[in-house]
Amino acid sequence: MGSNPLKAMNATLTNYAISGIISLMKISVVRLPDAITRGILNFIYPPRCQMCGKGLDLFSGKVLCETCYNTIRSGPHPEYNACKTGTYYFDASYSVCPYEGVIRECVHNFKYKGRFAAESLFKELMIGFAEKYIDMLRFDWLIPVPLHRVKQRQRAFNQSAVLGACLSERFKVPMLSGNLSRIRPGEPQMMLPKARRLNDIKGSFKIKNPDPLKGKAVLLVDDVFTTGATVNECSKVIKEAGAGLVEVFTLARSA
């Protein structure tokens, strides 16, 4: 018994229609706006304050409750946060807040526990501070303090580059990544006696290509200013490469 050509054609068209609808559904899912995607994830995994665990509004984008957020102290005014003595190669430094309490915990969680939602908090704080206190249009480059390649592989990201990217996007200052590199791993500055920190960091950084830096103004970005030894050594090699101005901007600063 022969097949019905019209019936076969209708079946084919139906299959194409079904395939088209499925494809559109797949595209729609892939292209869901970030806000909707976050909303779905927040509904499944309700956000909680990273410090006290209190439940947060599903669509607020916050990582801290209001009580914990309000414990963050502002750093000293930039006039008193500047370092212009002969001890330093950088021309000035700025830090948003002291490295303590909520900020210390959030930085630790971000770097070592993969709680990347804190990026929104860091972005808010650093951009807000820069808008108020720093003339970002003065700078030709933003340069994040690099990690040694071994630590970069272990952590899979550089927190300083994450902060630098937020500032670059907001203020349209290009970020020069990869030109400043760390060639010696060294020990974490927080783990060393103060007397050893400056010596341990010497010779740890190099500039691959000095040409983009000649006569330029640079803002060096890092997460925490501990003793200043790391950003000072970075500033030294950047200045030796020909930069005319180097200032430092960090999220937090140790006492």
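Using modelled amide H (1.01 Å from N, peptide plane; none on Pro or chain starts), what sits under 5 Å from the amide H of SER95, excluding residues fewer than 5 places away?
Correct list: THR250.
Go ahead and run the numbers for FRET between ARG170 and LYS202, Cβ-Cβ distance against an R0 of 22 Å, rounding to 0.05. Provide the component values of the computation, followed by the final result.
Values: r = 34 Å, r/R0 = 1.54.
After rounding, the FRET efficiency stands at 0.05.
Would you mind counting up the charge near PHE205? Only other residues with Cβ under 10 Å from its Cβ, with Lys and Arg at +1 and Asp and Glu at -1. Provide the component values of the computation, followed by the final result.
On the way: positive: ARG182, ARG184, LYS202, LYS206, LYS236; negative: GLU233.
Here the count lands on +4.
Between ILE183 and ASP135, what FRET efficiency follows from the Cβ-Cβ distance if R0 is 25 Å, with the result rounded to 0.05? Walk me through the numbers before you get to the answer.
Values: r = 32 Å, r/R0 = 1.30.
Working from the Cβ atoms, E equals 0.15.
When N counts the residues of region 72-253, how does its alpha-carbon radius of gyration compare numerically with 2.2 N^0.38 Å, as a ratio?
On the way: Rg = 15.1 Å, N = 182, 2.2 N^0.38 = 15.9 Å.
Relative to the rule-of-thumb radius for its length, region 72-253 sits at 0.95.
Among residues other than CYS65 whose Cβ falls under 9 Å from its Cβ, what is the net charge (Lys/Arg +1, Asp/Glu -1)?
Computed value for this residue: +2.
First select every other residue whose beta carbon is under 9 angstrom from the beta carbon of LEU180; then total the charges, Lys and Arg +1, Asp and Glu -1.
Details: positive: ARG182, LYS206, LYS208; negative: none.
So the environment of LEU180 carries a net charge of +3.
Would you list THR227, THR67, THR250 from fewest to most Cβ contacts within 10 Å?
Values: THR227 15, THR67 11, THR250 26.
Lowest count first: THR67, THR227, THR250.
Rule-based calculations on the coordinates, nothing more; no lab input. None of the values given here were measured: they were computed from a predicted structure. Ideal geometry is used to build each Cβ from the backbone, glycine not excepted, and the neighbour counts take in all protein chains shown.
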